[in-house]
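Asker: Would you mind keeping the following structure in view while I ask a few things?
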């Protein structure tokens, strides 16, 4: 059973702080990794994708991937109250185009 | 803008009354997915179409069916909705090839289904 694990939270950080969201996955053959943001009552919205070990930066967001440790993270710098949402980690295996989702981490950014 | 559109955004139905949810896309993606998402849970894949080929997940109840009349449209039919089927239904699309790869899935806004 391929699994993606996330801490459900809530993760509470003050405005302006760095929020660190973590995700582990069980399928060592996984090749593609995605972070989606989901506001309450809305659909998932792609934030970042990452395919290679290391860091990938896009504005205030940085995705980090460590395939040896089967670990992917999302850092949000200068967190804003508008970043308060559930963040879903999703993983694709090397032999499938289907996404395996974690259950999400709820982030609360306190003004 | 290219996008994934779902209609209706909210659907109220009665217990046992068939309901159809629709999804359309202007992205010209070859794969279309239907997910069910309940509160505080991950999206659960129900089935998907790879081009015209239908792929059902093993644990998707027979109560759920799907149609894809053309590349742009896909429908989710719930033949006899039960109270447990109340959820957000998400349509997503992606462009995939036989070689596989890391193509992104793009989600529509979802349809929230309420069963009375």
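Asker: Can you divide the C-alpha Rg of the protein assembly as shown by 2.2 N^0.38 Å and report the result to two decimal places?
Answerer: 1.02
Asker: I need the fraction of alpha carbon pairs in the range B:1-80 separated by more than 19 Å, rounded to a whole percent.
Answerer: Counting pairs separated by more than 19 Å, the tail of P(r) holds 39 percent.
Asker: Moving on. Rounded to whole Å and ordered largest first, report the semi-axes of the equivalent ellipsoid of chain A derived from its Cα gyration tensor (root of 5λ).
Answerer: Ellipsoid semi-axes (Å, largest first): 23, 15, 12.
Asker: Now for a separate question. Averaged across B:88-94, how many Cβ atoms of other chains sit within 10 Å of each residue's Cβ atom?
Answerer: What the average comes to for B:88-94 is 2.
Asker: Distance in nm between label sites at residue A:69 and residue A:45, each 7 Å beyond Cα in the beta-carbon direction?
Answerer: The two pseudo-label positions are separated by 3.0 nm.
Asker: Same structure again: Which FRET efficiency value, to the nearest 0.05, is calculated for residue A:57 and residue A:5 with the Förster distance at 22 angstrom and r the Cβ-Cβ distance?
Answerer: Calculated value: 0.35.
Asker: Would you tell me the mean number of C-beta atoms belonging to other protein chains that fall within 10 Å of each C-beta in A:24-30, as a whole number?
Answerer: 0
Asker: Sticking with this structure for a sec: What distance in nm separates the simple spin-label points at residue B:67 and residue A:77, each placed 7 Å from Cα in the Cβ direction?
Answerer: With each label placed 7 Å out from Cα toward Cβ, I get 5.2 nm.
Asker: How much of the DSSP beta bridge set in the protein assembly as shown is antiparallel, as a percent to the nearest 5?
Answerer: Roughly 90 percent of the DSSP beta bridges within the protein assembly as shown come out antiparallel.
Asker: With a bin width of 10 angstrom, please list the P(r) values of the range B:1-45 as percents of all Cα-Cα pairs, from the 0 bin to the one holding the largest distance.
Answerer: Once binned at 10 Å, the Cα pair distances of the range B:1-45 give 19, 44, 32, 5.
Asker: For chain B, what's the relative contact order in percent, using C-alpha pairs closer than 8 Å and at least 6 residues apart?
Answerer: 37
Asker: Now, a different point. What is chain A's relative contact order, in percent, from Cα pairs under 8 angstrom and six or more apart in sequence?
Answerer: This gives 38 percent for chain A.
Asker: Sorting check: for B:66-75, B:43-52, B:6-15, which peptide has the highest mean count of neighbouring beta carbons within 10 Å, and how do the rest follow?
Answerer: B:43-52, B:66-75, B:6-15
Asker: How large are Rg and Dmax for the range B:62-110 when only the alpha carbon atoms are used, in Å?
Answerer: Computed over the Cα atoms of the range B:62-110, radius of gyration and Dmax are 13.7, 41 Å.
Each value in this text was obtained by applying a stated rule to the coordinates, not by laboratory testing. Quick caveat: nothing in here was measured; it's all calculated off a predicted structure. Heads up, the Cβs are rebuilt from the backbone with ideal geometry, glycines too, and the neighbour counts pull from every protein chain shown.
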